[in-house]
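The values are calculated or read from the model by the stated rules, or taken from the named source; none is laboratory data. Because the structure is predicted, anything quoted here is derived from the model rather than measured. With ideal geometry, Cβ positions are generated from the backbone for all residues, glycine too; neighbour counts draw on all protein chains shown. With ligands, DNA and RNA removed, areas are computed over all heavy atoms of the protein, side chains included. Shrake-Rupley method; radii C 1.70, N 1.55, O 1.52, S 1.80 Å.
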Amino acid sequence: MLSESSSFLKGVMLGSIFCALITMLGHIRIGHGNRMHHHEHHHLQAPNKEDILKISEDERMELSKSFRVYCIILVKPKDVSLWAAVKETWTKHCDKAEFFSSENVKVFESISMETNDMWLMMRKAYKYAFDKYRDQYNWFFLARPTTFAIIENLKYFLLKKDPSQPFYLGHTIKSGDLEYVSMEGGIVLSVESMKRLNSLLSIPEKCPEQGGMIWKISEDKQLAVCLKYAGVFAENAEDAEGKDVFNTKSVGLFIKEAMTNHPNQVVEGCCSDMAVTFNGLTPNQMHVMMYGVYRLRAFGHIFNDALVFLPPNGSDND
């Protein structure tokens, strides 16, 4: 009798675990039967510079004014030194940048999300941004405080992309059947993708506030799960040579790897000339990057860019 009871209990426990596992996998694998259209642009490349030269001066000026990028930086109080560095460096080049924190921090102006959960912070930040700025900005860039971004390169990359289409791009990673954009390299959503995401945030069956039943999945994977339901799929951003432009590592780490793997082509083998982001930077490295990207010039080398992106009015853009 005891043996039969023991077997029964074991069966119940194993059955419960199996059901929970199936539920969790269902969260991760959702979207395959709900695709709204065929996914046509899996790898996106920057526009051809020669094509830009064919555009008239007036058209270029109009283009430079039409690109409006809103930057979302998710921070926590422990990130205060990084927070300060990001505020003093690359975010000045966003058309508008706002910091979303887990709680109120008196030292810096921020929007409190009143939660330490990164997925809930992300959801609330996206909803806030869309509700308040959907008519003012056509691209939304989200990053960690360890990320350095060259916003002008981002705008150049997006030059021929229509924000009224559902774009979700950055550095893609595949996890099982789920392909998602890594938050380490920054995430870009068009205003159309923001619209679709916002419509799902109140539907827990399609965009749950929590992850699987057994363990929690990361916030960038959660975002991909929600966007799949809206027919929006992750796209890897590359330059004309196929190099990633959204990077999940620092320049220093890339150079170190290049010295080992391509000792005769350290600079060429390192990274894209049109890189948009690097990640894993310290506050000091942020300022070094700022100097290298926006201040340092080699005498005798003239860079005639076909298009100039003007800073927003009232900006202290460098």
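Can you tell me the dipole magnitude for segment 43-295 around its Cα centre, using point charges on the Cβ only (Lys, Arg +1; Asp, Glu -1), in Debye to the nearest 20? Can you show the working numbers first?
Details: 31 positive and 34 negative charges, 117 e Å.
Here the size comes out at about 560 debye.
I need the shape label for segment 43-295. Rule: rounded when a/c is under 1.5, else prolate if a/b > b/c, else oblate, with a, b, c from the alpha carbon gyration tensor. Present the calculation step by step, with values, prior to reporting the outcome.
Working: a/c = 1.36, a/b = 1.23, b/c = 1.11.
Rounded, because the longest to shortest axis ratio a/c is under 1.5.
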### Query
Taking the Cα centre of segment 224-275 as the origin, how large is its charge dipole in debye, to the nearest 20, when only Lys and Arg (+1) and Asp and Glu (-1) carry charge on their Cβ atoms?
280
### Message
Take the residue pairs LYS127/LYS221; LYS78/LYS155; LYS174/LYS216; LYS65/LYS132 and return only those whose Cα atoms are more than 27 Å apart.
### Response
LYS78/LYS155
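Taking only protein heavy atoms and a 1.4 Å probe, what accessible area per residue, in Å², does segment 43-295 have with all protein chains in place? Don't jump to the answer; show the numbers that get you there.
Working: 11280 Å² over 253 residues.
Spelled out: the 1.4 Å probe surface of segment 43-295, per residue, equals 45 Å².
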#### Entry: Distance histogram in 5 Å bins (all Cα pairs of segment 147-260, percent per bin)
2, 11, 19, 22, 19, 13, 8, 5, 2, 0
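Once the other residues with Cβ under 10 Å from the Cβ of MET121 are scored (Lys, Arg +1; Asp, Glu -1), what is the net sum?
Values: positive: LYS76, ARG123, LYS124; negative: GLU114, ASP117, GLU219.
Neighbour charge sum, excluding MET121 itself: 0.
By accessible area of protein heavy atoms, probe 1.4 Å, what ranking do TYR180, TYR168 get, highest first?
Values: TYR180 25, TYR168 0 Å².
Correct descending sequence by accessible area is TYR180, TYR168.
Tally Lys and Arg at +1 and Asp and Glu at -1 over the other residues with C-beta under 10 Å from the C-beta of GLY170: what net charge comes out?
Details: positive: none; negative: GLU184, ASP220, GLU235, ASP244.
Result for the neighbourhood of GLY170: -4.
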### Task
Please check which bits of segment 110-125 a label hung off SER175 would reach, taking the label as a point 7 Å along Cα-to-C-beta and the cut-off as backbone N under 17 Å.
117-123
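Leaving ligands, DNA and RNA out of it, report the carbon-plus-sulfur percent of the accessible area of segment 43-295 at a 1.4 Å probe. Don't skip to the end; give the middle numbers.
Numbers: 5660 of 11280 Å².
Its accessible area is 50 percent carbon and sulfur atoms.
For segment 222-257, which chymotrypsin sites (Phe, Trp or Tyr not before Pro) are both in a DSSP coil and crowded by at most 14 other Cβ atoms within 10 Å? Don't skip to the answer; put the middle values down first.
On the way: sites: TYR229, PHE233, PHE246, PHE254; in loops: PHE233.
Qualifying residues, ordered by number: none.
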### Query
In percent, what relative contact order does segment 173-261 have, based on Cα pairs under 8 Å that are 6 or more apart in sequence?
34
### Task
Within segment 99-197, report the GluC sites (Glu not before Pro) that DSSP leaves as loop and that have at most 14 other Cβ atoms within 10 Å.
GLU103, GLU109, GLU114
### Query
From the Cα gyration tensor of segment 83-208, with a ≥ b ≥ c the square roots of its eigenvalues, which class applies: rounded if a/c is under 1.5, or else prolate if a/b is larger than b/c, or else oblate?
rounded
#### Entry: Of ALA97, GLY292, CYS270, farthest towards positive along the dipole that unit charges on Lys, Arg, Asp, Glu beta carbons give segment 43-295
ALA97
### Query
So what does VAL245 come to for accessible area, using a 1.4 Å probe and Å² rounded to 10?
0
### Task
Compare ARG297, ARG68, ARG196, ARG134 by solvent-accessible area with a 1.4 Å probe and give them largest first, with all protein chains kept in place.
ARG297, ARG134, ARG68, ARG196
### Message
Using protein chains only and a probe of 1.4 angstrom, how many square angstrom of THR248 are accessible, to the nearest 10?
### Response
40
## Note on the structure
Taking R0 as 35 Å and r as the Cβ-Cβ distance between PHE299 and ALA240, the FRET efficiency 1/(1 + (r/R0)^6), rounded to the nearest 0.05, comes to 0.80
### Query
With the contact rule set at Cα under 8 Å and sequence spacing of 6 or more, what percent relative contact order holds for segment 43-295?
23
